[in-house]
Amino acid sequence: MASPEALVSALADPARLQLFARICAGLPADNAKLAKRLVDAGLVTVDGDAYRPVPEVFREALAKAPADPLDGLFRHGRLVTIPHSGRRRQLLLAHLAERFEPGRLYTEQDVREKLAMVHDDHATLRRYLVDEGLLQRSNDGGAYGRPSEARAAG
């Protein structure tokens, strides 16, 4: 099964894209070299001396779950969506907590800067981390720290 990236890559060349469009329209496709890349990507199949499109390849590629549950949450290193609940949210928060060294104190500005590197709504992320016990906040609100593993488990 092809990945979405592999499908886009196979169609990225204008000549291959045009050939794919001809195949989808039922028109003759006469460039075996370009068609081979489309066949290899699973976009078309060979049926005798003709090529046939395989439209379900798109649905299958999109249905395939990412290997890492967090992959779908990030684009170009930036968090694009925050899960409302569940396992992915817990994994995301644990991942973000790793930006903070256990036992070290951070100012609110430090926390803001670290979280703003991945998402504009750093305040929400900070609140979620505190609510889940992955970051602890001082009583005066001026310092934050990641609990040590022993304290976090207990």
Quiz prompt | Inter-residue pairs, beta-carbon under 7 Å, first farther than 9 Å from Y51 by Cα and in region 25-41, second basic (K, R), 6+ apart | solution = L34/R16; R37/R16; L38/R16
Quiz item: Quick check: anything in region 101-108 of a type outside the set (G, A, S), under 12 Å from the mean Cα position of the chain (by Cα) and not in a strand (DSSP E or B)?
Solution: no
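Residue-wise test of (1) in contact with a Ser or Thr (Cβ under 9 Å, 6 or more places away or on another chain); (2) β-branched (V, I, T); (3) assigned to a helix (DSSP H, G or I); (4) modelled with pLDDT under 90.
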residue	(1), (2), (3), (4)
F20	no, no, yes, no
D30	no, no, no, yes
T45	no, yes, no, no
Y51	yes, no, no, no
A61	yes, no, yes, yes
P69	no, no, no, yes
Self-check item: Single residue of L96, L34 found to be outside any loop (DSSP other than H, G, I, E, B), modelled with pLDDT of 95 or more and surrounded by 13 or more Cβ atoms within 10 Å (Cβ to Cβ)
Solution: L96
Exercise. For region 81-137, enumerate the residues that are within 17 Å of P69 (Cα to Cα), without any contact (Cβ under 8 Å) to a residue 24 or more places away in the chain and not charged (D, E, K, R).
Key: T81, P83, H84, S85, G86, L91, L92
Quiz item: Of the conditions (1) farther than 22 Å from V8 by Cα; (2) assigned to a loop (DSSP other than H, G, I, E, B); (3) under 19 Å from the mean Cα position of the chain (by Cα), L91 fails just one. Which one is it?
Solution: (2)
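The values are calculated or read from the model by the stated rules, or taken from the named source; none is laboratory data. Just so we're clear, the structure is a prediction, and the values are computed from it rather than from any experiment. Using ideal geometry, Cβ is built from the backbone for each residue, glycine included, and neighbour counts are taken over all protein chains shown.
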